[in-house]
1. With no solvent and one equal point scatterer per Cα, compute the Debye intensity ratio I(q)/I(0) for region 17-102 at 0.15, 0.17 Å⁻¹ and report its log10, rounded to two decimals.
2. Cβ under 11 Å from Y43's Cβ, Y43 left aside: what net charge do those residues give with Lys, Arg +1 and Asp, Glu -1?
3. Could you list which residues have their amide H under 5 Å from that of L55, counting only those 5 or more apart in sequence or on another chain, with H placed in the peptide plane?
4. Hey, what do the phi angles of region 40-55 turn into as Karplus ³J(HN,Hα) couplings, whole Hz, using 6.51/-1.76/1.60 and θ = phi - 60°, x for Gly and Pro?
Amino acid sequence: MKTKPILCPQRLRQVPRQFSWIDQRLVRDRHIRGRTPQALALYLFLCTVADSQGLSYYSDATAAGTLGFGGVELRAARAELVAAQLIAYGSPFYQVLSLEPAGAVAVARAHEPRLGEELSVGEILRSMMEGK
């Protein structure tokens, strides 16, 4: 593995106190392929303002004004992201969706032990071997 040089150490990114991120799978799994610049700008905006569950409730007027869009552009960008299954929208709420396929999230959660749940020694060892 190559060591990457830090080009500007005085500006090294830190995880912010507030929650916000953009999943690398957006690029790696080509979710951005074919998206318009307006849709990508809206997605970036929503990722930035969303809480830890991906939820935000900026009004259309505020989101459009922040992005420099008209109402028609905002609605088209939103429709594009909903069709691509990158966001869900139910006025006035937006949710940035997981990039995991819906079934994968449910399967992963099904294998997570619940608080207070008893586990067998085999389950504990299997979990340790799988790195959980």
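Coordinate-derived values only; no laboratory data. Keep in mind that this is a model prediction, so the values were computed, not measured. Positions of Cβ are generated from backbone atoms using ideal geometry, with glycine treated the same way; all protein chains shown enter the neighbour counts.
1. -0.49, -0.64
2. Numbers: positive: R35, R78; negative: D23, E80.
After counting each charged neighbour, the total is 0.
3. For L55, the qualifying residues are V96.
4. Each residue of region 40-55 in turn: 5, 5, 5, 4, 4, 4, 5, 4, 6, 9, 6, 7, 5, 9, x, 8 Hz.
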